[in-house]
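Before any comments, here is the structure.
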Amino acid sequence: SGRWSQAMAILKEFEEKCGTPLSKLRQVADAMTVEMHAGLASEGGSKLKMIISYVDNLPTGDEKGLFYALDLGGTNFRVLRVQLGGRDNHVVKQEFDEVSIPPNLMIGTSDGLFDFIAEALKKFVDTEGKDFHLPPDRQRELGFTFSFPVKQTSIASGALIKWTKGFSIEEAVGQDVVAELTKAIERVGLDMRVAALVNDTIGTLAGGRYSNPDVIAAVILGTGTNAAYVERAHAIPKWHGLLPKSGDMVINMEWGNFRSSHLPQTEYDQALDAESLNPGEQIFEKMISGMYLGEILRVVLCKMAEEAAFFGDTVPPKLKVPFILRTPHMSAMHHDTSSDLRVVGSKLKDVLEISNTSLKTRKVVVELCDIISFRGARLAAAGILGILKKLGRDTLREGEKQRSVIALDGGLYEHYTKFRNAMEGTLKELLGEASGTIVIEHSNDGSGIGAALLAASHSQYL
Ligand code: ADP
Ligand code: MG
């Protein structure tokens, strides 16, 4: 019928606009490299903030003692304690707890959010058992993983530049997040010092390096997306401090804010962006990360319902609710292997209240999942190629046996198998003969351990 061919026309056009041939991905990678240079050259020189982390040494394996970590940066936050045993014993014992953040606190007040976190941290400290040892008269120390853009001023201080990923607490912007957390820790009567402020990419890089000395970069694919890597300090023109002894400086790219005319943006991406909490920002993130993939799918399905009566004469009301269709729903539909696509059918029914969908309709939904996730995965691979190019590690060099390991983490990478496979496959394609020297390693929750390790190496008792 006319409606069906109209729906197919929308699908086909969307597919074309989302196209990511290798030539385009190379342009994206080159643009990423160019922006990296610009962001390192001067403050505000690029959409890529290329934030100096003040981490100039990564863990060695010698770290010792009891350390805490707190990971805030998405829908959940985690608290963790770890007993580090030094060179021969590494992680002797670790425990963690995960708490979800009430949505009202994500858009409320600074004190509201930080009090909630400090309270949970205090409860967790109260459960510390005999397997953990704090030497007498010592303060507990914490690595604070705060995964939003922060202008660091030292290893343990930094001002929030802006919120992302659905957080919006205006009064906190510009404030030192360590001071805010410290005040809340005092308010709840906990005796603890924040020894290091990092974000999840830096934590993952540190945790990854602890278990593998070849780790040179870390990428997060979770609610949001970001990357960090080890740069040579002399290659950072905007750094006016002393050159660190190690010669290295870890850079938090904040690559979620990357944008380029080479990105295959569609009208749906533009609509999503316009209606987001942060229009015009985090454009790369909005095409790649877990917060947005399901939402892109909803926006396209909504258009097909409105313009081609894809789900019948009326537009299903739930389809108009922003963010109702989450990436885990999309992933479940995409991985449906049943012959009648019954998972797709049940998700459409349970989440969007669209019942009795035909197999033909379900197949189109799966095709959309494929287009959206494939594009996101391939763009993430292009971003990684950009980093490797910046470091000169994207090609084989005569006589060199250099191995580069990239630590990956985040719920999207971990759980969305088709996304992960497409990302890894695309990186291989892009690297060609050099792909043998590049390894992607899943750093399972390395960020928490990484933050604790950085707290250890910046302890007041060293
Ligand atoms: P965060 O990024 O919030 O710190 P995670 O790294 O755990 O936390 O990532 C959580 C995100 O991962 C979710 O917001 C969701 O987008 C994505 N995710 C979680 N489970 C799945 C899944 N089964 N399939 C696809 N994406 C998932
Ligand atoms: Mg996280």
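The values are calculated or read from the model by the stated rules, or taken from the named source; none is laboratory data. Nothing here was measured: the structure is a model prediction, and the numbers come from that model. A quick note on method: Cβ atoms are made from the backbone with ideal geometry, for glycine too, and the neighbour counts reach across all protein chains shown.
Flag: THR201 matches the condition of being in contact with a strand residue (DSSP E or B) (Cβ under 6 Å, 6 or more places away or on another chain), crowded, with 24+ Cβ neighbours inside 10 Å and not aromatic (Phe, Trp, Tyr). Of the listed requirements (1) of a type outside the set (A, V, I, L, M, F, W, C); (2) in contact (Cβ under 8 Å) with a residue 12 or more places away in the chain; (3) farther than 22 Å from GLU231 by Cβ; (4) more than 16 Å from ligand 2 (Cβ to nearest atom), GLY411 misses just one: (4).
So, in the stretch 69-89, exactly how many residues are more than 16 Å from ligand 2 (Cβ to nearest atom) and without any contact (Cβ under 8 Å) to a residue 40 or more places away in the chain? Please lay out each step first, then the result.
Narrowing the stretch 69-89 to residues more than 16 Å from ligand 2 (Cβ to nearest atom): 81-89.
If we keep only those that are without any contact (Cβ under 8 Å) to a residue 40 or more places away in the chain too, we end up with 85-89.
The total comes to 5.
Looking at the stretch 339-361, which of the residues that are of a type in the set (Val, Ile, Thr) and in a helix (DSSP H, G or I) is surrounded by the most Cβ atoms within 10 Å (Cβ to Cβ)? The qualifying residue surrounded by the most Cβ atoms within 10 Å (Cβ to Cβ) is VAL344. For the stretch 407-462, the set of residues classified as in a loop (DSSP other than H, G, I, E, B), buried (at least 20 other Cβ atoms within 10 Å of the Cβ) and at negative phi consists of TYR416, SER443, HIS458, listed by residue number.
Kindly evaluate VAL79 against the criterion of being of a type in the set (A, V, I, L, M, F, W, C) and either closer than 22 Å to PHE167 by Cα or within 19 Å of the chain's Cα centre (by Cα) (or both). Steps first, please.
Details: of a type in the set (A, V, I, L, M, F, W, C): yes; either closer than 22 Å to PHE167 by Cα or within 19 Å of the chain's Cα centre (by Cα) (or both): yes.
So VAL79 fits the description; yes.
Is it the case that GLU141 is out of contact with any strand residue (DSSP E or B) (no Cβ under 6 Å at 6 or more places or on another chain) and within 16 Å of ASP191 (Cα to Cα)? So that I can check it myself, show each step before the final result.
Details: out of contact with any strand residue (DSSP E or B) (no Cβ under 6 Å at 6 or more places or on another chain): no; within 16 Å of ASP191 (Cα to Cα): yes.
Answer is no for this residue.
In the set VAL34, VAL55, VAL79, only one residue is within 16 Å of ligand 1 (Cβ to nearest atom), under 29 Å from LEU197 (Cα atoms) and at pLDDT 95 or above; that residue is VAL79.
In the stretch 376-392, the residues that are within 17 Å of THR327 (Cβ to Cβ) form Cβ pairs under 7 Å with partners that are among the small types (Gly, Ala, Ser), at six or more places apart or across chains, as follows: ALA377/ALA422; ARG378/ALA422.
Applying the set (1) surrounded by fewer than 21 Cβ atoms within 10 Å (Cβ to Cβ); (2) of a type outside the set (Asp, Glu); (3) under 17 Å from LEU197 (Cα atoms); (4) out of contact with any Phe, Trp or Tyr (no Cβ under 8 Å at 6 or more places or on another chain) to PHE144 leaves exactly one unmet item: (1).
Of all positions in the stretch 406-421, none carries a residue that is more than 23 Å from ARG259 (Cβ to Cβ) and more than 16 Å from ligand 1 (Cβ to nearest atom).
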